[in-house]
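Novice: Shown below is the structure under consideration.
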Amino acid sequence: MFKDLIGKESKDISPSPFGRWLNGKLIDAETGKLTIEFLVREEMTNPAGIMHGGAIAGLIDEVIGMTTFSLGKTGFYVAINLNIDFLRPGKLGEKLKVIAEVIRDGRTMAHAECKVFNEEGKLIAKAASNLALTKL
């Protein structure tokens, strides 16, 4: 579903206004697993000059949402919960790699996990989310 979009930026292809603002670049795609790269911009940082926790949560939620969409089901997944462990700071100007994977795909529920890596390949955040398939 996403293979033909590899290398493209979301500002040009995303139906989500928030996704367009985040402007990730699709790096790899398979059904139930996506890898997207994001540049940490100034408007994503907090007063300490590192990436705001809410911005990291936004990246994670967006990529998990796209990953559930890759399953090709009719309907729209909404997050029931999103649990995040923040392990290291994301720094202004660096590129982050966000990898999300659907671990369990049930009839009406899905469970996904996500990891965020910095340019050095170090894990800066990890997350898990349960999602419900709706008719939205």
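The numbers here are math on the coordinates, done by the rules we state, and not lab data. The structure displayed is predicted, hence computed values, not measured ones. Don't worry about glycine lacking a Cβ; one is built from the backbone with ideal geometry, like all the others, and counts go over all protein chains shown.
Novice: Roughly speaking, what is the stretch gain from R41 to E94, that is 0.36 nm per residue apart minus the C-alpha to C-alpha distance, in nm to one decimal?
Specialist: 18.2 nm
Novice: Please list 3J(HN,Hα) in residue order for the range 27-41, calculated via the Karplus relation 6.51 cos²θ - 1.76 cosθ + 1.60 where θ = phi - 60°; whole Hz, with x for glycine and proline.
Specialist: Values per residue, Gly and Pro as x: 9, 8, 8, 8, 4, x, 7, 10, 10, 10, 9, 10, 8, 7, 9 Hz.
Novice: For the residue pair F76 and R104, what label-to-label distance in nm results when each label sits 7 Å from Cα along the Cα-to-beta-carbon direction?
Specialist: According to this spin-label approximation, the distance is 2.6 nm.
Novice: I've got another one for you. Choose one answer from R41, R88, R107: the residue with the largest mean-square fluctuation in a GNM of the chain with alpha-carbon springs under 10 Å.
Specialist: Residue with maximal mean-square fluctuation among R41, R88, R107: R107.
Novice: Could you pull out the pairs from K33/K95; K11/K115; K8/K135; K73/K122 whose alpha carbons sit more than 26 Å apart here?
Specialist: Listed pairs above 26 Å: K8/K135; K73/K122.
Novice: Using only helices, what value at 222 nm comes out for the chain when you add -39,500 (n - 2.57) per DSSP H run of length 4 or more and divide by the total residues, to the nearest 500 deg cm²/dmol?
Specialist: After summing the helix terms and dividing by the residues of the chain, the value is -5500 deg cm²/dmol.
Novice: About its Cα centre, how strong a charge dipole does the chain have in debye, to the nearest 20, once Lys and Arg get +1 and Asp and Glu get -1 at the Cβ?
Specialist: Magnitude of the dipole: close to 240 debye.
Novice: Separate question: Residues with amide H under 5 Å of K8's amide H, sequence separation 5 or more or different chain, H placed in the peptide plane at 1.01 Å from N; which?
Specialist: For K8, the qualifying residues are L26.
Novice: Against the longest principal axis of the chain, how steep is helix 53-69, in degrees 0 to 90 to the nearest 10, with axes from Cα atoms?
Specialist: 30
Novice: Step through the residues of the range 116-132 one at a time and calculate ³J(HN,Hα) from phi using the Karplus curve (6.51 cos²θ - 1.76 cosθ + 1.60, θ = phi - 60°), rounding each to whole Hz and writing x for Gly and Pro.
Specialist: 10, 10, 8, 5, 7, x, 8, 6, 9, 7, 9, 8, 9, 9, 9, 10, 10
Novice: Using alpha-carbon positions, what is the distance between the centroids of the range 55-125 and the range 1-44, in Å?
Specialist: Between the Cα centres of the range 55-125 and the range 1-44 lies a distance of 12 Å.
Novice: Describe numerically, in nm with one decimal, the distance between label points set 7 Å from Cα along Cα→Cβ at N130 and at I6.
Specialist: 3.4
Novice: Among T74, T35, T45, T134, rank each residue by its count of other Cβ atoms within 10 Å, from fewest to most, as a rough exposure measure.
Specialist: Listing T74, T35, T45, T134 from fewest to most nearby Cβ atoms yields T74, T134, T45, T35.
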